[in-house]
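> Let me give you the structure first, and then I'll get to my questions.
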Amino acid sequence: MMNISPSKFVHLKTGKSYPVKDWPMHKQIHAVAGLGNPGRFFDLLARLGFDISRNSFPDHHNFDEEDLTFLDHLPIIMTEKDASKCRSFNNNKIWYLTIEADVSDKFILELDSKLKSVN
């Protein structure tokens with residue numbers, strides 16, 4: 001009915017993006033997530049072939065620049081939701097992963113039918 005899949009990596013500062021399959025850098029990364037279940041995000045990145053340094057924060061965490069200061073050159077990949085809180089940071093290593101939902105026509109029809117039955 002509905003499939004959710006990773007779409008592209010977007011550089012936070014420049015907006016430059018790459019389809020997931022065309023990631024231009026090495027696969028060793030810092031994965032950052034301020035989610036209730038960060039393991040799902042980390043597992044997704046692992047399935048995409050990344051060698052991950054996992055960095056978990058509480059759900060709805062208000063990031064500050066120190067949270068994303070790592071003493072190496074590795075890129076930082078985070079969720080789009082978390083990245084939206086980091087736009088003002090002076091850190092050129094931050095990327096975020098966009099997710100797309102592919103919703104089937106059948107799902108839309110069933111949802112529409114259920115919503116109409118509620119009214």
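Any read-out appearing in this document is the output of simple, stated calculations on the displayed coordinates, not a laboratory observation. Bear in mind the structure is a predicted one, so any value in this text is a computation, not a measurement. Positions of Cβ are generated from backbone atoms using ideal geometry, with glycine treated the same way; all protein chains shown enter the neighbour counts.
> Can you say what percent of the DSSP beta bridges in the range 2-118, counting only those with both residues inside, are antiparallel? Round to 5.
Counting DSSP beta bridges with both partners in the range 2-118, the antiparallel share is about 45 percent.
> Relative to the first principal axis of the alpha-carbon coordinates of the chain, what is the inclination of helix 105-118, with its axis defined by its Cα atoms, in degrees from 0 to 90 and to the nearest 10?
Approximately 60 degrees, to the nearest ten.
> Among Ser113, Ser56, which comes first, second and so on when ranked by fewest other beta-carbon atoms within 10 Å?
Ser113, Ser56
> Give me the distance in nm between label points sitting 7 Å out from Cα along the Cα-to-Cβ direction at Met25 and Glu110, one decimal.
Result: 4.0 nm between the two label points.
> Further, regarding this structure: What number comes out for the charge environment of Val10, summing +1 per Lys or Arg and -1 per Asp or Glu over other residues with Cβ under 12 Å away?
+3
> Report the relative contact order of the range 2-118, percent, no decimals, based on alpha-carbon pairs under 8 angstrom and at least 6 residues apart.
It rounds to 36 percent for the range 2-118.
> Same structure again: Sort Tyr18, Tyr96 so the one with the fewest other Cβ atoms within 10 Å of its own Cβ comes first.
Tyr18, Tyr96
> In whole angstrom, how long is each semi-axis of the equivalent ellipsoid of the chain, when you take the square root of 5 times every eigenvalue of its Cα gyration tensor and sort them from largest down?
Here the semi-axes work out to 31, 17, 13 Å.
> Per DSSP H run of n ≥ 4, the term is -39500 (n - 2.57); total these for the chain, divide by its residue number, and report the mean residue ellipticity at 222 nm rounded to 500 deg cm²/dmol.
-6500 deg cm²/dmol
> Starting with the fewest neighbours, write out Asp82, Asp43 ranked by other beta-carbon atoms found within 10 Å of each beta-carbon.
Asp43, Asp82
> Quick one: among Val103, Val32, Val20, which has the greatest mean-square fluctuation in a GNM of the chain with alpha-carbon springs under 10 angstrom?
Result for the chain, Cα springs under 10 Å: Val103 fluctuates most.
> Provide the gained length on full extension for the span Lys85 to Phe70, in nm with one decimal, where the gain is 0.36 nm per separating residue minus the Cα-Cα distance.
3.6 nm
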